[in-house]
1. Which value, to two decimals, describes the C-alpha radius of gyration of the range 205-251 once divided by 2.2 N^0.38 Å?
2. Per the Kirkwood treatment, what hydrodynamic radius in Å, one decimal, follows for the range 14-168 from the mean inverse distance over all distinct Cα pairs?
3. Give the relative contact order (percent, whole number) for the range 335-467; include only Cα pairs under 8 Å separated by 6+ residues.
4. Given axes a ≥ b ≥ c from the Cα gyration tensor, I'd like to know whether the range 248-405 is rounded (a/c under 1.5), prolate (a/b larger than b/c) or oblate.
5. Compute the relative contact order of the range 184-318 as a whole-number percentage, counting only Cα pairs closer than 8 Å that sit 6 or more residues apart in sequence.
6. Which percentage, to the nearest 5, of the DSSP beta bridges contained in the chain is antiparallel?
7. Restricting everything to alpha-carbon atoms, can you work out Rg to Rh for the range 184-318 with a Kirkwood hydrodynamic radius?
8. Under 18 Å from a point placed 7 Å out from the Cα of residue 130 along the Cα-to-Cβ direction: which residues of the range 75-118 have their backbone N that close?
Amino acid sequence: LLGWGFYMFAEMGDRVLETETEIGNNEGDTNSLPIPKLLKDRNPDPDVAEFYLEAQHATKEFFTGEKTNTYGYNGNYLGPIIQVRNGEKVKIKVKNELDDPTTVHWHGLEVPGEMDGGPHQEIYPGQTWEPNFTINQPAATLWYHPHLLHKTGEQVFKGLAGLFYIEDEVSDDLNIPNEYGENDIPLVVQDRRFTSDNQFDYNIGMRDMMTGILGDTILVNGAIQPSLEISEAKVRFRILNGSNARIYNFYLSDDMPFYQIASDGGFLESPVKLSNLELSPGERAEVIVDFSKADIGDQIELRSDDFEVMRFKVKSKNNNIDLPQELVKINKIPEEQATVKRSFDFQGMGPMVSINGKQFNMERIDEHLDLNATEIWEVTNSASGMGGMGRMGNVGHPFHAHGTQFQILERNGQTPPPNERGWKDTFLVYPGEKVKVIAQFKYPGMFMYHCHILEHEDAGMMGQFQVGSGK
Ligand code: C2O
Ligand code: CU
Ligand code: CU
């Protein structure tokens, strides 16, 4: 398909994997934030990237002296960061060393359906999958995770997830923190529940069916409520809500201000000053925290609702750059260009969750789209209209669709808030809400749309759309 050869993986052994890609290890006496490794590009051609990813089972000490059974990519929990450039040709060899089938989905990436890693691209134990594609979208913080039918929640919960960065000329040239691991820090925020013998507790009860699994232990990059030493006045954090179901409402102690500079699919037009940031499962936000007003020695907590997520220890405050007022120009997709309108209504609760009254069926294509069509989608959540179950069934659903990035036209008839005026692939819809979005569908194939509360997705709150007539 693409006229370039596949670099040799013959030398890949466990030793190489460990030294090159194992996630930063937190199993010591200090509880500092682990910084995931950047995955090594094995092709020297600057226009071509080749990566090796292995889904494996392992153990990890979340609690000193106690081993928890985990999954990870090239390591024992989570995965390395895949970093690519816009325009680059990318080939990824994915090996499944688990005892179960899995898939690897590139969440937010605009690629043809067969490369998307949804439930149709199963990788059986011992097998490999080798997707290849050309990056054709602006700088953004995306992520990857399994998408196995009915098992996505469990496989993510055990540790399978990683970040996927796209860089481009804009991200190179902007005067924002961009030194990976120094002042440009990934934060994968997850909540987990453990059994009394320190194993992941993924036994789904009736309440979990309603809300999705909510854990009582917060992990950031795989460490429980870690801390990070701050040595610069302005630090960029790329936050992924990698939780199965928990919606966070992040804020900083001492009313520290922060600025959101990017949403799911790339930079916002200008930084948005925030005092709190709501992020539902699957969503990402890049923020810059201004530590210049903090005192040396201060400890600033990142919090959500009543709990601490992690803390920042201010050691010094060098490099107090001025944030650019303009980040990027986002061309609005003209509404007149839209040829089709569709509606998607989240309904039901618990095991009865559905979209437009239907539960997922892999044999059924729910929507047919023309290749390159521009469409307007209206997403509603009518769960609040259902009596009987009280508040528990009354949850917000994060809507996500594969293979494209949306622009939000309206949230409840209004212009969306400033931090939702950029590219979005996942957006939260509370009961009674209506979110109207527009997108172009530039890649052919079969794609999923679903609720990103993974227990809802696995229970059937998912549908599929085919773009173009072929496969
Ligand atoms: Cu984050 Cu269908 O996925
Ligand atoms: Cu996705
Ligand atoms: Cu849901």
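What follows draws every value from the coordinates through simple rules; no lab data is involved. Quick caveat, the model's predicted, so the values are computed rather than measured. Heads up, the Cβs are rebuilt from the backbone with ideal geometry, glycines too, and the neighbour counts pull from every protein chain shown.
1. 1.49
2. Computed over the range 14-168, the radius equals 15.9 Å.
3. 34
4. Verdict is oblate for the range 248-405.
5. 29
6. 70
7. Rg divided by Rh gives 1.00.
8. 89-97, 104, 114-117
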